[in-house]
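What follows is a set of notes on a single structure, which appears directly below.
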Amino acid sequence: MKTCPFHAYIGLIGILLLLASQGCSKKPDVAARSNKEMEADTNDSAANETIWHIKAFMPEGKLLDIKPLDKDGNIHDVKAIQKDGNFHMIDIKARVNNTWIPVKMLVSDDENIPVKAIGDDGTIYDIKALLADGTRLDVKGMMHKGNIIQIKAIDKTRGFYGVKALSPSGQVYDVKGIKTTSDRVELNLHGVDVFAHIKALPQIGQENLDSIWHIKAVHPDGKFLDVKALDKDGKIYDVKSFVANGELHMMDIKALIGGKKIPVKMLVSTDPLIPVKAIGEDSTIYDIKALTADGEKLDVKGIPGKGSVINLKAIAKDGTRYGVKAISPKGNVHDVKGLKFSDNNVEGVVNGIEFFAHIKAIPMVINPQ
């Protein structure tokens, strides 16, 4: 067998070292790249970011898109950008011409504080809430208490709608103005005087002593699907959550059928997904469904897991699961869950029907995982 001469080994090592040095030299020259290029890479491809939708919440449980508009009326996006595991305070940015730009409250002598997006060149973009008929509502800051300023969409009748950040999984934060100084001008940004920053912050629930909340499934695209009870003939009834005496820790879920509040439970079943039904006084079983805009009826089921809290999901035809929430008239949000208080398969009997778990609305818990 022939052997390679010693100089051949030396040459091979030299080639390998050269290739390695060339591989290292192909790393991007960060100093040569523009700030905008690096910012675009960070905004568009960062694996540690989650983009939340910005919406106005109407008292009847509907959502309005919040959008920036340029002087020609072109509509752009505005989003909350949650990243790096930070759930305490989330940035609000507008997306204009593929660039993220800040959204701020501007210095003004108006009664209510203007909310605008500010381009790198100082261009100001209106922020509006959009109705289905094309009406555009102002979004303003108001009710300044301490260093927090409420932000509302305002209709022609002076109705005020809370502005919220809605995550793809259905988590909801309040969108607020924040002052960090006592000065009228917080800062000057691209030649524009700014009165306050705008951020998404965890909700702090404040409700009437007795109120009725809407039950909705939350689509990842930032849309609500109505959750309803259906009888065998397909007639549709409301499903609501009820606050009694201001208690928000655990709220009843009921279907409103024939002028009565009918309990909604997870039923005892051998199905892999737990049936969710309303149970009439005469033991009639009513389906619980999430309704899409095109009339599709999605099953609402309990997802078996561990522990005493059972996830509740609306399930699309492709298997995608949407969280189910209770939405207050003021835009506060609770999770809707199945709750077990015993280790028994039969948790109890209501109107002659055995059930596996209660269904309640409980405060949301942010899971940074």
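The values are calculated or read from the model by the stated rules, or taken from the named source; none is laboratory data. Since the model is a prediction, treat every value here as computed from it, not as a measurement. Neighbour counts are summed over all protein chains in view; Cβ atoms, including those assigned to glycine, are modelled from backbone coordinates with ideal geometry. The area values use the complete protein model at the heavy-atom level, side chains included, leaving out ligands, DNA and RNA. Shrake-Rupley method; radii C 1.70, N 1.55, O 1.52, S 1.80 Å.
Taking 12 Å as the straight-line reach from the Cα of Lys128, the aspartates and glutamates in range (excluding those fewer than 8 positions away in the same chain) are Asp65, Asp70, Asp77, Asp138, Asp155.
Hey, can you rank 175-183, 289-297 by average C-beta count inside 10 Å, highest first?
175-183, 289-297
Applying 0.36 nm per residue to the separation of Ile303 and Ser108 and subtracting their alpha-carbon distance, the gain on full extension is 65.1 nm.
So if we plug the beta-carbon distance of Asn351 and Asp138 into 1/(1 + (r/R0)^6) with R0 = 56 Å, what FRET efficiency do we get, rounded to 0.05?
The value I calculate is 0.70.
In the structure shown, do any of Lys116/Lys337; Lys152/Lys216; Lys199/Lys223; Lys156/Lys325; Lys152/Lys260 have a Cα-Cα gap over 31 Å, and if so which? Check vs 31 Å cut-off fails for Lys116/Lys337; Lys152/Lys260. Annotation for Phe242 and Lys83: the two label points, set 7 Å from Cα along the Cα-Cβ direction, are 4.7 nm apart. Rolled with a 1.4 Å probe across the full set of protein chains, the surface gives Phe160 an accessible area near 90 Å². If the segment from His249 to Thr181 were pulled out straight at 0.36 nm per residue, it would be longer than the present Cα-Cα gap by 20.9 nm. Taking a ≥ b ≥ c as the square roots of the eigenvalues of the Cα gyration tensor, an a/c ratio below 1.5 marks segment 87-169 as rounded. Ordered from largest to smallest accessible area (heavy atoms of protein chains, 1.4 Å probe), the residues Val239, Val268 come out as Val268, Val239.
Using the Stokes-Einstein relation with a Kirkwood hydrodynamic radius computed over Cα pairs, the translational diffusion coefficient of the chain at 10 °C and a viscosity of 1.306 mPa s comes to 67 µm²/s. Remark: for residue pairs Lys301/Lys340; Lys55/Lys254; Lys79/Lys240, the C-alpha separation exceeds 18 Å in Lys55/Lys254; Lys79/Lys240. Entry for segment 143-276 at q = 0.22 Å⁻¹: log10 I(q)/I(0) = -1.44, Debye formula applied to identical alpha-carbon scatterers, no solvent contribution. Listed by chain and number, the aspartates and glutamates whose alpha-carbon sits under 17 Å from that of Lys232, ignoring those within fewer than 8 places in the same chain, are Glu281, Asp282, Asp287, Glu296, Asp299. Estimated from helical segments only, the mean residue ellipticity of the chain at 222 nm is -3000 deg cm²/dmol, where each DSSP H run of four or more residues counts as -39500 (n - 2.57). Residues Ile353, Ile92, Ile212, sorted by accessible area with the largest first, give Ile212, Ile353, Ile92 [1.4 Å probe; ligands and nucleic acids excluded].
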